[in-house]
Amino acid sequence: MSFDLLVHEAWPAYEQRRHDGWVLRYAGGVTKRANSVLALERPADLNGAIEAAEAFYRERGQRCVFSVGTEAVPGLDEELEARGYELVDPTVVMAAGALAPIPGLPEVRIEDRPWPGWLKTWWAVDGRYGSGLEAAERICTGVPAWYGAYEEDGVALAVGRAVPQGDMVGIYCMATLPEARRRGLARAVLQALVRHADAESAYLVTTAPNLAAQALYRGEGFEVAGRYHYRVR
C-alpha cells in the first residue's frame, strides 16, 4: 500500500507535469501537497531532475517544494538538505480498520459536492492561503468525494471530506469551528463519513505537532502508518 500515492490521488493538483519519473504538481500555490514534487522513482539524472523541478516552480512564481515520504527516492532528502532546502511540516499518516460504531452521535449531513456552508467553515479553520478558496475547491472536487458536516441552525460547525479509493477511504479537511470544539462533533463527522464510505479501512493525515488531533484519532482506532515532510527552498 502506497500512502504517498493515495494522498497524491486524493488531493490532486490541477496541473501536473511528468519529468524523468517525477510528478511536478501545481495548483495555484494552495497547499504544499498540491504544489510539490512527488519523487517516487529514481531519475536517470538526479541533478537534472532537481533543476527541472526548480525551473517549473520558478516559471510559476513559486518556491520549489518536494514531498518526501517513506517511498521517496533514496538519498533525495540528504541531497536536498545539502542544497539548502529547509525541512518543514512533518506529517503523520494514520490508518485504521473498520471503526467501532458509537451510538448516540449527532446526525451528520453528507453530500457529494461541497456546499457554501461547508466551504465557509473549512476555510475559516484551514484557510491559510488568503484568497485561495477557489483553487482549494478545485482541488477538492478534482476527484469523487463525500462532504460531511454537523450543522446547527444552518451553520456547519464541524466538517470533513471522504475520498473513496478502492477498499480504503481517505479522510481529509477535518475542521471544527473554535466555539464548537470539545463537543465530540469531529468524532461524529469522522464516524459518519467512514460509515458512509463502507470501506474496509480508512486513513488520514495530520501534522506531527498536532498531538490533540492524533489523540482523537487514536481514540477511534487509528494508528501511525507512515510519515512525510516537505523540503522547501
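The values are calculated or read from the model by the stated rules, or taken from the named source; none is laboratory data. All values reported here derive from a predicted model rather than from experimental measurement. Note that each Cβ is placed from the backbone with ideal geometry, even for glycine, and that neighbours are counted across all protein chains shown. Surface accessibility is based on the protein's heavy atoms, side chains included, excluding ligands, DNA and RNA. Shrake-Rupley method; radii C 1.70, N 1.55, O 1.52, S 1.80 Å.
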Problem set entry | Computed accessible area, PHE56, all protein chains, 1.4 angstrom probe, square angstrom | 0
For this session: Go ahead and set up a Gaussian network model of the chain, Cα springs under 10 Å, then flag whichever of ILE50, ILE171, ILE102 fluctuates most.
Result: ILE102
Seminar exercise, completed: If each K or R counts +1 and each D or E counts -1, the residues other than ALA98 whose Cβ falls under 12 Å of its Cβ total -3
For this session: Between ARG233 and TRP115, take the C-beta separation as r, use R0 = 45 Å, and let me know the FRET efficiency to the nearest 0.05.
Result: 0.70
For this session: Give the accessible area for ASP126 in Å² (nearest 10); use a 1.4 Å probe, count only protein heavy atoms, and leave out ligands, DNA and RNA.
Result: 50
For this session: Can you tell me the equivalent ellipsoid semi-axes for the stretch 23-154? Use √(5λ) from the Cα gyration tensor, largest first, whole Å.
Result: 35, 19, 12
Problem set entry | P(r) histogram, all alpha-carbon pairs of the stretch 91-169 included - 10 Å bins from 0, percent | 15, 43, 36, 6
Seminar exercise, completed: Sorted by accessible surface (1.4 Å probe, heavy atoms of the protein chains only), largest first, ARG218, ARG60, ARG18, ARG182 come out as ARG182, ARG18, ARG218, ARG60
Seminar exercise, completed: Expressed in µm² per second, the diffusion coefficient of the stretch 53-95 from the Stokes-Einstein equation, with Rh the Kirkwood radius over alpha carbon pairs, at 4 °C and 1.567 mPa s, is 108
Exercise. How big is D, in µm² s⁻¹, for the stretch 173-212 by Stokes-Einstein at 37 °C and 0.692 mPa s if Rh is the Kirkwood radius over C-alpha pairs?
Worked result: 280
Exercise. Magnitude of the Cβ-charge dipole of the chain, K/R +1 and D/E -1, about the Cα centre, nearest 20 debye?
Worked result: 480
For this session: Specify the residue with the greatest mean-square fluctuation among TRP115, TRP11, TRP146, computed from a Gaussian network of the chain linking alpha-carbon atoms under 10 Å apart.
Result: TRP115
Exercise. Tell me, what % of the accessible area of the chain is carbon and sulfur with a 1.4 angstrom probe?
Worked result: 48
Exercise. Tally Lys and Arg at +1 and Asp and Glu at -1 over the other residues with C-beta under 10 Å from the C-beta of HIS8: what net charge comes out?
Worked result: 0
Exercise. So what's the angle, to the nearest 10 degrees on a 0 to 90 scale, between helix 46-59 and the longest Cα principal axis of the chain?
Worked result: 60
Seminar exercise, completed: Counting only protein heavy atoms and leaving out ligands, DNA and RNA, the solvent-accessible surface of VAL194 at a 1.4 Å probe, in Å² to the nearest 10, equals 20
For this session: For the chain, find the longest principal axis of its Cα atoms and tell me its angle to the long axis of helix 185-197, 0 to 90°, nearest 10.
Result: 80
Problem set entry | Accessible area per residue, Å², the chain with all protein chains present, probe 1.4 Å | 47
Problem set entry | Distance (nanometres) between label positions extended 7 Å along Cα→Cβ at ALA98 and THR70 | 2.5
Problem set entry | Solution diffusion estimate, µm²/s, Stokes-Einstein, the chain, Kirkwood Rh from C-alpha pairs, 10 °C, viscosity 1.306 mPa s | 86
